[in-house]
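The values are calculated or read from the model by the stated rules, or taken from the named source; none is laboratory data. All values derive from a computational prediction rather than experimental measurement. Cβ placement follows ideal geometry from the backbone for every residue including glycine, while neighbour counts extend to all protein chains displayed. Side chains are part of the model used for accessible areas, which takes the heavy atoms of the whole protein and leaves out ligands, DNA and RNA. Shrake-Rupley method; radii C 1.70, N 1.55, O 1.52, S 1.80 Å.
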Amino acid sequence: YGIKSCAPIIREPQAVALAFGCLENRIVPGDGDDLYKESVMMTATMSFDHRVVDGAVGAQYLAAFKALVESPSTLLL
């Protein structure tokens with residue numbers, strides 16, 4: 001449907017909700033000889049019940065999730 005991002009609503013008894021946006025081509029800074037390059041990007045948004053999950057811990061979870069999505073072969077190790 002082309003939804004770039006959304007904010008999930010937490011319902012009891014959940015403590016965390018993860019939402020995904022669409023995949024889209026974006027221009028990002030390049031590495032090496034290229035000044036810019038085109039890359040496929042996806043937006044992931046996570047809502048936390050801060051009574052249960054601390055925001056810093058949630059940020060660590062999102063960082064680990066990002067690392068796994070960017071390099072899925074590490075799941076095989």
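A few remarks follow.
- Residue list for segment 1-38, filter: among the acidic types (Asp, Glu) and either assigned to a loop (DSSP other than H, G, I, E, B) or open to solvent by 80 Å² or more (accessible area, probe 1.4 Å) (or both): Glu12, Asp31, Asp33, Asp34, Glu38
Listed here are the residues, each with its yes/no results for (1) within 10 Å of the chain's Cα centre (by Cα); (2) small (Gly, Ala, Ser).
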site: Ile10; (1), (2): no, no
site: Pro29; (1), (2): no, no
site: Ser39; (1), (2): no, yes
site: Met42; (1), (2): yes, no
site: Thr45; (1), (2): yes, no
site: Asp54; (1), (2): no, no
site: Val69; (1), (2): yes, no
site: Ser73; (1), (2): no, yes
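- Residue, nearest to Arg11 (Cα to Cα), within segment 39-68, restricted to residues that are in contact with a Ser or Thr (Cβ under 8 Å, 6 or more places away or on another chain) and surrounded by 13 or more Cβ atoms within 10 Å (Cβ to Cβ): Thr45
- Residue pairs meeting the criteria (Cβ under 9 Å; at least 6 apart or on separate chains; first more than 16 Å from Tyr61 (Cα to Cα), in segment 1-28; second exposed (fewer than 12 other Cβ atoms within 10 Å of the Cβ) and of a type in the set (Asp, Glu)): Asn25/Glu38; Arg26/Glu38; Ile27/Glu38; Val28/Glu38
- Residue satisfying condition, being without any contact (Cβ under 8 Å) to a residue 24 or more places away in the chain, touching a helix residue (DSSP H, G or I) at 6+ places or on another chain (Cβ under 8 Å) and of a type in the set (A, V, I, L, M, F, W, C), within set Leu68, Leu62, Leu35: Leu68
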